[in-house]
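Student: One structure is given below, represented as structure tokens, and several questions about it will come after.
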């Protein structure tokens, strides 16, 4: 269901200008295609002296509803910023948490406590628990919300096993715009976008462009990239159907990259500089980034379904 939802709006913002026609041929066919005005790129396939040639398309049709994809992405970003400034940063002091990474619909947060509830200051606890259900799945129904707040403030045991409370909790788990805990553990390595490793009782990781089936991926691989300042490499294996033939391929990829192009990482490997452009003047601010290798405080991944459309 998640893949179906993502592909639905992701396709609407596809850049059709980058679409190419791929052809495979030998020396004779390659010479003819290179002289074609639509020729774009040639790659050598080692096996059997074959060539992979990219050709520009004869006709490009601009028929995708781009406004749908832009709407979903921009409102998802807006909800992520609302969650940070309107909830996390509002009720929790900044030394007690650290944003390590943020994606379209998820936030990777290091906490100096067991949960967000434990980090709220005493003077903000009442307001926090009264408005908690606006951001996180509710632990009680509307009828029992006053009792829930009173028990949380007094730190008394609370009964949330009533059928109405259980129904509300189950409903909120599927409600778009609310943030649910997807994973929690002990540490996090974040190299760049879509390339991270979360470790704990159950590890969670992403290596965009590198197959998880054909490579042994663990936190030591990410730590080695940070320590040696050299990108990690791996292998992809698969097959492609060309006309009536099925060809297998083996491809080496430098997917676990050390390069972070969005900001300048400083010499300590933990801090980075952020450039703010205003009326042609460049201002630089330095922000600290958490070191995942020494993180021993609980780490949580909160995810929202703001992009799901019903």
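Computed from the coordinates by the stated procedures, all read-outs in this text should not be read as laboratory data. Worth saying up front: this structure is predicted, and the values here are computed from it rather than measured. Positions of Cβ are backbone-derived with ideal geometry, glycine not excepted, and every protein chain shown enters the neighbour counts.
Student: When the Kirkwood hydrodynamic radius is evaluated over all pairs of different C-alpha atoms of segment 34-87, what value in angstrom, to one decimal, is obtained? Please list the in-between numbers first.
Tutor: Values: mean 1/r = 0.0636 Å⁻¹.
Evaluated on segment 34-87, it is 15.7 Å.
Student: Can you tell me the FRET efficiency between residue 99 and residue 201 if r is taken as the Cβ-Cβ distance and R0 is 22 Å, rounded to the nearest 0.05?
Tutor: Working: r = 22 Å, r/R0 = 1.01.
Computed FRET efficiency for residue 99 and residue 201: 0.50.
Student: What is the mean projected area of the alpha carbon convex hull for segment 25-176, to one decimal in square nanometres?
Tutor: Average projection, Cα convex hull of segment 25-176: 16.7 nm².
Student: Another question, then. Arrange the following residues from fewest to most other Cβ atoms within 10 Å of their Cβ: 117, 220.
Tutor: Working: 117 16, 220 11.
Result, fewest neighbours first: 220, 117.
Student: By how many nm would the segment from residue 227 to residue 241 grow when fully extended, if each residue of separation counts as 0.36 nm and the alpha-carbon distance is taken off? Kindly include the intermediate steps, with their values, before the conclusion.
Tutor: On the way: separation 14, 0.36 × 14 = 5.04 nm, distance 4.07 nm.
Contour length minus the Cα-Cα distance gives 1.0 nm.
Student: What Kirkwood Rh does segment 111-183 have if only Cα atoms enter the pairwise 1/r average? Answer in Å.
Tutor: Values: mean 1/r = 0.0770 Å⁻¹.
Over segment 111-183, the inverse of the mean reciprocal pair distance is 13.0 Å.
Student: Please express the Cα-Cα pair-distance distribution P(r) of segment 122-249 as a list of whole percents, one per 10 Å bin, running from 0 to the bin with the greatest distance.
Tutor: For segment 122-249, the pair-distance distribution reads 10, 25, 19, 19, 17, 7, 3, 0.
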